[in-house]
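Novice: Questions regarding the structure given below will be posed in turn.
The values are calculated or read from the model by the stated rules, or taken from the named source; none is laboratory data. All values reported here derive from a predicted model rather than from experimental measurement. Note that each Cβ is placed from the backbone with ideal geometry, even for glycine, and that neighbours are counted across all protein chains shown.
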Amino acid sequence: MHRTVALVRPVQSTFELGCAVEVFGTPRPGVPRYYDFEVCAETPGPVPTTAGYAITVSRDLSALACADTVIIPGWSPVEAPLSPGIRRALLESHERGARLVTICSGVFALARTGLLDGRSATTHWARAAQLAREFPRVRVEPDRLYVDHGDIATSAGAGAGIDLCLHLVRKDHGAAHAALIARHMVLPPHREGGQTQYAPTAPTQDALDGLLAWADARLETPLSVADLAARLNVSPRTLARRFADQLGTSPGAWLLSRRVDRARTLLEETDLPVEAIATRVGLASAVNLRRRFRAQVGTTPGAYRRAFRY
């Protein structure tokens, strides 16, 4: 069981903490549990929240000593310094190999450890300039939903924390399991970290007149951007503008991402050969699938299947 611990402090944001709880700590019928989730604070006891009520936290910083993932779900006020105890606990967690994750303003706490120096990171767009000003050695990327370095990951504000948490589940246990959690949360299964922060948090079928669901059901066909435009009876240029405005990406990039996502699911859940999977997701050949898959996922279909089959 993967031990995931959220570090909270007064005044704790209920939403940022809720992002982690919903993805890592909420039991759901029919969904396998791979995470053991708990919450800790430097001083156990009642912790005030932004919602006006207090939460009771029983664990202290010793909970971080055996965590596989440490989450900082916000840091308010962002100017608050790190206590020596918290700084030491975070550095020791990283040193022994724990994954450190921040949601929204939590990046300010992590930046104070020095672990982000020379690295890229993101936060809520309204705080990006402040983060860059206070920590000039951090490469702030204000247009990213999340940035994942493997050992350290940061997310933008609010709903982007859910995107990052689902991304981590996808890395740990595969696209199918992450999609199952997303379905229970009534969320879209995947938004890439590079998607703009200004994109809607949960685009619906109505956002593009049902086009996304229509295309999803036809991924095995040689579907093109021109076909998508024709479905809506608009020009490819108009379609590109609508995708950019409503999804923060291009039609071609979205279509390719969905094909690769479908391939990941088939690699995880079936024994189909790579050539057959390439055909089923509309990428025509195993050579094309391998090239596209490596570009998006960073590994080969075969290696991915070996890593995520259960």
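Novice: Look through the range 142-188, keep the residues that are in a loop (DSSP other than H, G, I, E, B) and of a type in the set (Asp, Glu), and return whichever of them is modelled with the highest pLDDT.
Specialist: 151
Novice: Shifting gears a bit: For the range 58-75, what are the residues that are under 24 Å from residue 155 (Cβ atoms) and more than 26 Å from the chain's Cα centre (by Cα)?
Specialist: Within the range 58-75, 59 is the sole residue that qualifies.
Novice: Looking only at the range 241-276, filter to residues that are surrounded by 18 or more Cβ atoms within 10 Å (Cβ to Cβ) and of a type in the set (Gly, Ala, Ser); which one of those is modelled with the highest pLDDT?
Specialist: 263
Novice: Also, I was wondering about something else. Does the range 228-239 hold any residues that are without any contact (Cβ under 8 Å) to a residue 12 or more places away in the chain and not basic (Lys, Arg), and which are they?
Specialist: 230, 233, 234, 235, 238
Novice: Would you be able to tell me the number of residues in the range 125-140 that are farther than 16 Å from residue 112 by Cβ and either surrounded by fewer than 20 Cβ atoms within 10 Å (Cβ to Cβ) or polar (S, T, N, Q) (or both)?
Specialist: Result for the range 125-140: 4.
Novice: Report yes if some residue within the range 18-28 is more than 23 Å from the chain's Cα centre (by Cα) and not aliphatic (A, V, I, L, M); otherwise report no.
Specialist: Checking the range 18-28: not a single residue is more than 23 Å from the chain's Cα centre (by Cα) and not aliphatic (A, V, I, L, M).
Novice: Of the residues in the range 19-29, how many are over 24 Å from residue 65 (Cβ atoms), touching a residue at least 12 places away in the same chain (Cβ under 8 Å) and surrounded by fewer than 18 Cβ atoms within 10 Å (Cβ to Cβ)?
Specialist: 1
Novice: How many residues does the range 54-90 contain that are assigned to a helix (DSSP H, G or I) and surrounded by 15 or more Cβ atoms within 10 Å (Cβ to Cβ)?
Specialist: Counting residues in the range 54-90 that are assigned to a helix (DSSP H, G or I) and surrounded by 15 or more Cβ atoms within 10 Å (Cβ to Cβ) gives 7.
Novice: Would you be able to tell me the number of residues in the range 290-310 that are modelled with pLDDT of 85 or more and not in a helix (DSSP H, G or I)?
Specialist: 1
Novice: Taking the stated definitions as given, is residue 115 outside the structural domain of residue 248 (by TED's automatic domain parsing), surrounded by 15 or more Cβ atoms within 10 Å (Cβ to Cβ) and assigned to a helix (DSSP H, G or I)? Full working, then the answer.
Specialist: Working: outside the structural domain of residue 248 (by TED's automatic domain parsing): yes; surrounded by 15 or more Cβ atoms within 10 Å (Cβ to Cβ): yes; assigned to a helix (DSSP H, G or I): no.
No.
Novice: Contact list please: Cβ distance under 6 Å, first residue in the range 147-167 and within 14 Å of residue 70 (Cβ to Cβ), second residue surrounded by fewer than 19 Cβ atoms within 10 Å (Cβ to Cβ) and of a type in the set (A, V, I, L, M), pairs at least six apart or on different chains.
Specialist: Partner pairs satisfying both residue conditions: none exist.
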